[in-house]
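What follows is a single structure, written as structure tokens, with notes after it.
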Amino acid sequence: MSKPIKIEYFTDVLCVWAWVSQQRIERLEKLFGEQISFQFRYLDVFGDTQQKMQNQWAERGHYQGFAEHVKNSASCEPNAIINPKIWQEVQPTTSTTAHLILKAIELAYHADKSSEMALVFRKAFYIDALDISQLSILMQLVSEHGLETTLVQKFVENGQAIAALMTDYQYAKQQSLKGSPTFIIDNSRQVLFGNVSDKVLQANISAHIS
């Protein structure tokens with residue numbers, strides 16, 4: 001069997017389009033199976049959400065306007081549940097804390113475990129309206145899902161997790177990635193960004209497989 005097509009998937013955990021794309025990722029994995037291999041990586045879109053709201057949403061309703069935008073954006077994917085409290089009442093200050101813990105999990109365990117926890121974090125925010133910028137909430141989720149918090153903390157404290165995260169952030173900047181989500185297929189032979197439909201994703205992946 002030939003090597004699977006590598007897909008580097010860059011997201012920000014607080015990005016609604018990445019939440020929408022989660023369903024598409026799962027359908028792609030079911031459709032193509034071992035023919036594709038996802039590498040989940042992160043970029044900085046919500047590093048400072050307060051500044052983002054001030055710069056981009058001050059004249060469009062601030063957090064309330066953004067909350068409505070998120071709700072409307074997710075309506076294209078029935079399974080992308082949106083808790084009405086997010087951004088209205090629950091306003092995470094940053095996505096970086098979650099990205100940092102996910103990198104620590106990847107180092108402490110495996111990339112697959114980190115991608116599993118990324119979905120846990122997203123569900124915690126979008127469905128349960130938990131503030132995933134708070135370290136205490138993230139570590140509680142880590143513990144609840146059977147991971148050793150002390151082991152995860154080790155890679156935060158020794159600097160390896162932040163170094164791995166900076167590698168992702170810097171690569172995204174060097175490649176001038178436009179935002180979240182971004183699909184980089186087959187070692188940069190194809191780059192897809194934003195609200196990419198199932199049809200487009202499947203067609204592009206199929207072209208590389210054939």
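The values are calculated or read from the model by the stated rules, or taken from the named source; none is laboratory data. Note that the structure is predicted; figures quoted are calculated from it, not measured. Surface areas here come from the heavy atoms of the whole protein model, side chains and all, with no ligands, DNA or RNA. Shrake-Rupley method; radii C 1.70, N 1.55, O 1.52, S 1.80 Å.
Treating each Cα of segment 64-104 as one equal point scatterer and applying the Debye formula with no solvent, the log10 of I(q)/I(0) at q = 0.16, 0.28 Å⁻¹ comes out as -0.53, -0.92.
If a/c stays under 1.5 just call it rounded; otherwise compare a/b with b/c (prolate if a/b is bigger, oblate if not). Do that for segment 1-84, with a ≥ b ≥ c from the square roots of the Cα gyration tensor eigenvalues. Display every interim value, and only then the final one.
On the way: a/c = 4.58, a/b = 1.96, b/c = 2.33.
Since a/c reaches 1.5 but b/c is at least a/b, the shape of segment 1-84 is classed as oblate.
Counting 0.36 nm for each residue step from residue 148 to residue 68 and taking away their Cα separation leaves a gain of 25.1 nm. The share of C-alpha pairs in segment 103-156 whose separation exceeds 18 Å stands at 23 percent. Listed by chain and number, the lysines whose alpha-carbon sits under 24 Å from that of residue 199, ignoring those within fewer than 8 places in the same chain, are 3, 6, 30, 71, 178.
Determine the gain in length on full extension of the stretch residue 88-residue 29; use 0.36 nm per residue of separation and subtract their C-alpha separation, reporting nm with one decimal. Present the calculation step by step, with values, prior to reporting the outcome.
On the way: separation 59, 0.36 × 59 = 21.24 nm, distance 3.35 nm.
Taking 0.36 nm per residue and subtracting the Cα distance, the gain is 17.9 nm.
Normalised per residue, the accessible area of the chain is 50 Å², obtained with a 1.4 Å probe and no contribution from ligands, DNA or RNA. Across the alpha-carbon set of the chain, the Rg to Rh ratio works out to 0.96, Rh being the Kirkwood radius.
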